[in-house]
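The values are calculated or read from the model by the stated rules, or taken from the named source; none is laboratory data. Predicted model, so just to flag it, every value in this text is computed and none were measured. All Cβ positions, even for glycine, are placed from backbone atoms using ideal geometry, and neighbour counts span all protein chains on display.
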Amino acid sequence: MIGPPLSKLRSYWVRYALAFALLISMIAGAQFVSWQRLESSARDARIIRMSDSQKMLSQRLAFMSHRLHVAGDVEVHGRTILTDLEQFFSSHKALVDIAEEVPTADAIYATGEEAGLDARVRQFVADIRLILTLDPADPRFDVVLQRIEEEASGPLLADLEAALTAFSENAQKRYDRLQILLRVFFSLTVALLIAEATLVFWPTHRNMNRALRIAEERSRRLEERNTQLVQLSERLEHSALHDQLTGLANRKKLYRNLEQRLEDRRSAGDCQCVMHLDLDRFKEINDTLGHAVGDIVLKRVAAAMRSLVRAEDLVARIGGDEFVIVAGFTGANPSEQADRIATSVIRCIRAPMVIEGHNCIVGASVGYTFSMSDQDTPERLIANADIALYEAKRAGKGIAVKFDPSMRQGIERRHELMQDLERAIGQDEFVPYFQPAICLKSGSVVGFEALTRWEHPERGTLHPSEFVHLAEEAGLLRQIETRTMILSLDALTALRCEGWHIPSLALNTSTDSLTSPDYTAELEEALAERGLAHVDITIEVVERTLINARDSPALKTLRTLSERGCAVELDDFGTGYASLSMLATLDLSGLKIDRSLIADLRSTRTCQIVEAVTGLGKSMGLRIVAEGVEHPYQFATLRKLGCDVVQGFGIAKPLSLSEARVWLHDYGSHPGVADNLAAPPRGA
């Protein structure tokens, strides 16, 4: 039944092939003519511009020769004339060669004849070169100059004008010829297309449809039988490779896809990026609003990520609130592309979500890395991205960080320090250092700030930035702060017993200590044992502590200590965490302006900000302390702005107890504030 139609179709397929071959030939011919037209137009345009510039250069050379006569400065104008002359003559030689292809232009240039443009140009160039060698006082100078000016405004200009016209007319003729040829090709192509549509395409289409209907009927029965098996197979495959909650790829598909991408990369040479994303504050939603709300959050986060990446990118969920994005990049700067995607994802996830009447706010941190060598494996790339994610969280969360090989060294260093923490606490390696603060008006010492240092037996003295976050992760920060507090109070007692007047000691206190139910009792017990009072102590808290302490035991602890006489100062004020409403959260005693503002006091805008902060604090009865003071001009500016107390390297760096005794002795001998600020700072 279908034998004859199929044999007939074979003959139509041959016609199809021949028709397409003819059509493609005509299109290719038209395309070639169009390309020739564009090439010819571009070449003619360059020739016309070159010819036109000859007129301008001839007039400029004549004008500069006249300026040479008027100004007489051969050295200044001579260099300009030589440059223009070189361009003029080189363009002329090029146009002479081109004119051989254009009869009308060739007749104008008349190479080898005295009356031709070539001879005029060469004489004109010779006159220009001659005049550069003559002194303006030489009688021949005026003769040559007159000849140059007459030639430039007369015969030479006319011949250059004629040559330009010849080149322009030749270009137009060539363009017209190619345009006609292109129209002929277009007309033949249209005619051929109509003929093929009538004699080949339509009959073939009709017979193909007849044969296809017969084949479709047979295949339909087979498809119906296999549909259920295919659907079942797809469901099983999808279930094995995707997360059931979000529909994203799971860890198995992630590794399989990434391994394939790395294999393709070795031949294609593109760059694969792995982004490891972790949600911030998701545990709080699960704990407070329940897992059902948490699941909805995860679904919306998954949908947001899918909408922000490209179709060829992979998004996978590999843990409770952990996701991975795999994207391939080409181009010179894949880091910018990856950072743009990561930043968009972070911004989108950070937007508030209303779920079952609850306003849910989560954040995201991203660490990403790139496949840089053929030895990269999925495990290594994901591990590198995880290290970068750790750095993003350590840097404050809500940011994207690119992996750097040095981070692995940092991880190893942090691991070593983490292992050393327990031993360091047991061997009393954490000690207080003391940085003095002085009154701007009287120059007297108003107290010391106790700062923790780790006297590591191998790495030397370590700054808190190197171990505080590790201690916080390990749950040891509370013990370190307690030891610093005890030793600092001992030092205060010892200094007072030696006769030094130290009005106050400032203790930096973290949320971990403030939320401990034993902190207040331990502090008061330590004060009582040393005969100290609450007024001898200032508790310094950073703005972030107040943000985290809303309606928490930490805020209650601060209020209790404030009511019993301890001063409470807000440290690092101006770093961007707290709003003005936080100042009314508890009874503060003072504000400590962050060093980033003090460092830029030469800026009018910064001075206005510091003045506003000072005025706000004064209006609330707060003491204003400026940290990071290093230069005399900062002291003068802060005194003018009404600041009360200053501290910083300009007064003294953080000092050990023995160094603090020496500093007190030296400062007591020379108590002038400005003199001490101007002198080299003491301390390690």
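Scan region 320-338 residue by residue and report those that are surrounded by 13 or more Cβ atoms within 10 Å (Cβ to Cβ), outside any helix (DSSP H, G or I) and among the small types (Gly, Ala, Ser).
Filtering region 320-338 down to residues surrounded by 13 or more Cβ atoms within 10 Å (Cβ to Cβ) leaves 321-329, 334-335, 337-338.
So of that shortlist, the ones also outside any helix (DSSP H, G or I) come out as 321-329.
Matches in region 320-338: Ala327, Gly328.
Please find, among Glu86, Glu149, the residue that is part of a helix (DSSP H, G or I) and surrounded by 13 or more Cβ atoms within 10 Å (Cβ to Cβ).
Values: Glu86 fails: surrounded by 13 or more Cβ atoms within 10 Å (Cβ to Cβ).
On inspection, the qualifying residue turns out to be Glu149.
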- Message: Can you report the number of residues in region 169-198 which are surrounded by fewer than 16 Cβ atoms within 10 Å (Cβ to Cβ) and closer than 17 Å to Ile48 by Cβ?
- Response: 5
- So which residues in region 220-251 are β-branched (Val, Ile, Thr) and either in the same structural domain as Pro378 (by TED's automatic domain parsing) or within 30 Å of His276 (Cα to Cα) (or both), if there are any at all? Thr246
- In region 242-292, what count of residues is obtained for those that are at pLDDT below 85, of a type in the set (S, T, N, Q) and more than 21 Å from Asn359 (Cα to Cα)? 1
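So that you can scan it fast, the table gives a plain yes or no per residue for (1) out of contact with any strand residue (DSSP E or B) (no Cβ under 9 Å at 6 or more places or on another chain); (2) of a type in the set (Phe, Trp, Tyr); (3) free of Cβ contacts under 8 Å to residues at least 24 places away in the same chain:
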| residue | (1), (2), (3) |
| --- | --- |
| Tyr390 | no, yes, yes |
| Ala400 | no, no, no |
| Ser406 | yes, no, yes |
| Arg413 | yes, no, yes |
| Glu416 | yes, no, yes |
| Gln427 | yes, no, yes |
| Pro432 | no, no, no |
| Trp454 | no, yes, no |
- Message: Looking only at region 383-414, count every residue that is within 23 Å of Met305 (Cα to Cα) and in contact with a Leu (Cβ under 8 Å, 6 or more places away or on another chain) and tell me the total.
- Response: 2
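Can Asp176 be described as among the acidic types (Asp, Glu) and under 53 Å from the mean Cα position of the chain (by Cα)? Explain how you work it out, then say what you get.
On the way: among the acidic types (Asp, Glu): yes; under 53 Å from the mean Cα position of the chain (by Cα): yes.
Criteria met by Asp176.
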- Task: Would you mind stating whether Val297 is assigned to a helix (DSSP H, G or I), closer than 30 Å to Ala400 by Cβ and in contact with an Asp or Glu (Cβ under 7 Å, 6 or more places away or on another chain)?
- Result: no
- Count of residues meeting criterion [without any contact (Cβ under 8 Å) to a residue 12 or more places away in the chain and β-branched (Val, Ile, Thr)] in region 209-228: 1
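How many of the residues making up region 393-414 are over 15 Å from Leu470 (Cα atoms) and either under 20 Å from the mean Cα position of the chain (by Cα) or crowded, with 18+ Cβ neighbours inside 10 Å (or both)? First the steps, then the outcome.
Taking region 393-414 first, the residues over 15 Å from Leu470 (Cα atoms) are 397-409.
Those still in the list that are either under 20 Å from the mean Cα position of the chain (by Cα) or crowded, with 18+ Cβ neighbours inside 10 Å (or both) too: 397-407.
The qualifying residues number 11.
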- Message: Please pick out the residue among Ser513, Ser488, Ser562, Ser504 that is surrounded by 15 or more Cβ atoms within 10 Å (Cβ to Cβ), in contact (Cβ under 8 Å) with a residue 60 or more places away in the chain and of a type in the set (S, T, N, Q).
- Response: Ser504
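Working carefully through the options Leu262, Leu164, find the one that is under 41 Å from the mean Cα position of the chain (by Cα), more than 30 Å from Ala30 (Cβ to Cβ) and among the aliphatic types (A, V, I, L, M). Before the answer, list the steps.
Working: Leu164 fails: under 41 Å from the mean Cα position of the chain (by Cα).
Checking each option against the conditions leaves just Leu262.
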